[in-house]
Amino acid sequence: MSAIELVRVSTPEDWEQYHSIREKVLFENKNRSYDRTHADEHRPNNVPFLLKKDGLGIATTRLDLRPDTQAAIIRLVAVVESEQRKGYGRALQAKIDEYARSQGVKRLLVNAAPDAIGFYKKIGFVPESWDPEELTGISKDSVQLSKALLPMTEKEILELIKNDEWMMSILRVARSLNLPDWIIGAGFVRNKVWDHLHGYTERTPLADIDLIYFDPAHIDESQEKEYDQRLHQLVDVQWSTKNQARMHVINGNAPFTSAEDGLAHWIETPTCTGVTLLDNDTLQLIAPYGIEDLVHLRVRPVNPEKDITLYRERVTKKKWKETWPRLEILETRA
């Protein structure tokens with residue numbers, strides 16, 4: 001497997017590769033002149049990067065930080081021709097996102113060339129005219145896009161769980177039942193993320209562990225109670241095991257097609273987040289509505305037209321705002 005790393009350009013060798021890639025891909029191939037001594041390359045808040053594969057530069061970009069607005073501009077992304085369409089552009093962007101977040105950046109901006117607009121939209125950018133005066137010279141035909149950076153990524157959530165021995169022990173016990181299509185959701189993941197983003201070092205207590213699975217061949221509720229008892233004997237916590245193949249009847253929905261489908265019908269978007277532990281010990285996050293609301297500390301109803309009364313009751317009863325004061329309680333879907 002090839003080793004991929006993102007390095008800040010500093011050595012003469014890196015500068016040579018950096019300029020050569022940009023000059024060839026973005027300028028020579030398009031009959032443009034390139035200035036290797038341009039002052040922008042060395043301004044204090046402008047950070048040049050080189051993506052290396054097995055020690056050799058294969059892609060470049062520069063990130064111009066704008067600390068006063070908590071934004072950063074992605075400049076002149078270039079991938080060598082022989083490495084294009086192999087996922088390295090996406091790998092480069094993922095590493096740039098990570099670096100930008102470490103610098104307190106909350107918004108990424110880019111002047112996207114017409115043939116790159118589709119790529120940027122696929123990785124979360126949306127149209128936004130953030131500075132029309134930039135659209136001159138090499139950028140005169142570009143379209144301005146922006147992306148809000150998440151406070152946490154899916155990978156970081158999984159690392160948070162992986163490094164929590166109590167959570168991992170719960171997941172291993174759940175896996176030992178060999179239930180079909182199982183997920184632990186609700187507060188198990190949600191509260192962990194909220195605790196982390198609030199800087200809490202002590203775990204906020206869980207009322208129970210919400211374990212769901214999908215087994216249309218055995219929909220007797222007594223089976224769920226038996227699982228609860230078996231799990232409680234293995235770990236002394238309260239378990240709530242529910243077969244999503246029958247829960248649609250209780251909640252007045254159309255039949256669910258999977259555990260994730262059942263999860264997607266829970267009341268709040270951040271509650272609709274779960275995790276499972278595969279046989280090879282890989283963690284898998286299940287988030288039918290994404291993690292944006294969860295990591296931005298937003299609580300909103302999945303179906304406000306149908307469940308707004310129940311949603312309000314839960315918000316009041318759970319007292320989430322008292323436990324996590326940075327939460328934003330909303331009553332409409334985005």
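The values are calculated or read from the model by the stated rules, or taken from the named source; none is laboratory data. All values reported here derive from a predicted model rather than from experimental measurement. Note that each Cβ is placed from the backbone with ideal geometry, even for glycine, and that neighbours are counted across all protein chains shown.
Quick notes on this structure:
- Every condition in (1) assigned to a helix (DSSP H, G or I); (2) crowded, with 16+ Cβ neighbours inside 10 Å; (3) assigned by TED's automatic domain parsing to the domain that holds D68 is met by R90 except one, and the failing one is (2).
- Of all residues in region 253-285, those satisfying the criterion of being in contact with an Asp or Glu (Cβ under 7 Å, 6 or more places away or on another chain) and either assigned to a loop (DSSP other than H, G, I, E, B) or crowded, with 19+ Cβ neighbours inside 10 Å (or both) are S258, A259, I267, T269, P270.
- Subset of region 118-154 (residues that are exposed (fewer than 12 other Cβ atoms within 10 Å of the Cβ), within 25 Å of the chain's Cα centre (by Cα) and in a helix (DSSP H, G or I)): G118, K122
Table: residues versus (1) within 21 Å of T282 (Cβ to Cβ); (2) in a helix (DSSP H, G or I).
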{"residue": "L158", "(1), (2)": "yes, yes"}
{"residue": "M168", "(1), (2)": "yes, yes"}
{"residue": "L177", "(1), (2)": "yes, no"}
{"residue": "D181", "(1), (2)": "yes, no"}
{"residue": "Q223", "(1), (2)": "no, yes"}
{"residue": "L231", "(1), (2)": "no, yes"}
{"residue": "D236", "(1), (2)": "no, no"}
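- Selected residue (only one of A100, A113 is farther than 25 Å from Y200 by Cα, surrounded by 15 or more Cβ atoms within 10 Å (Cβ to Cβ) and not acidic (D, E)): A113
- Breaking point among (1) under 28 Å from R172 (Cα atoms); (2) surrounded by 13 or more Cβ atoms within 10 Å (Cβ to Cβ), for N303: (1)
- When V105 is tested against (1) assigned to a helix (DSSP H, G or I); (2) crowded, with 18+ Cβ neighbours inside 10 Å; (3) of a type outside the set (F, W, Y), just one condition goes unmet, and that condition is (1).
- Whenever a residue of region 29-54 is surrounded by fewer than 11 Cβ atoms within 10 Å (Cβ to Cβ), its partners that are small (G, A, S), lying with C-beta atoms within less than 7 angstrom and at least six residues away or across chains, give the pairs D54/S2; D54/A3.
- Single residue of region 293-309 satisfying the filter (outside any helix (DSSP H, G or I) and among the β-branched types (V, I, T)) that is farthest from the chain's Cα centre (by Cα): V302
- For region 155-188, filtered to residues that are surrounded by 16 or more Cβ atoms within 10 Å (Cβ to Cβ) and among the aromatic types (F, W, Y), the residue that is nearest to L263 (Cα to Cα) is W182.
- The single condition among (1) within 31 Å of the chain's Cα centre (by Cα); (2) in a helix (DSSP H, G or I) that F49 does not meet is (2).
- Top-ranked residue of region 1-46 - restricted to ones that are under 19 Å from Q84 (Cβ atoms) and among the hydrophobic types (A, V, I, L, M, F, W, C), ranked as farthest from the chain's Cα centre (by Cα): F27
- Pairs with Cβ under 7 Å, 6+ apart, first in region 100-113 and under 14 Å from F49 (Cβ atoms), second assigned to a strand (DSSP E or B) and at pLDDT below 95: L108/K147
- Single residue of G185, G199 found to be in the same structural domain as K321 (by TED's automatic domain parsing), within 28 Å of K319 (Cα to Cα) and out of contact with any strand residue (DSSP E or B) (no Cβ under 9 Å at 6 or more places or on another chain): G199
- Within region 3-16, one or more residues are assigned to a strand (DSSP E or B), at pLDDT 95 or above and among the basic types (K, R).
- Breaking point among (1) assigned to a helix (DSSP H, G or I); (2) of a type outside the set (V, I, T); (3) under 22 Å from R107 (Cα atoms), for F188: (3)
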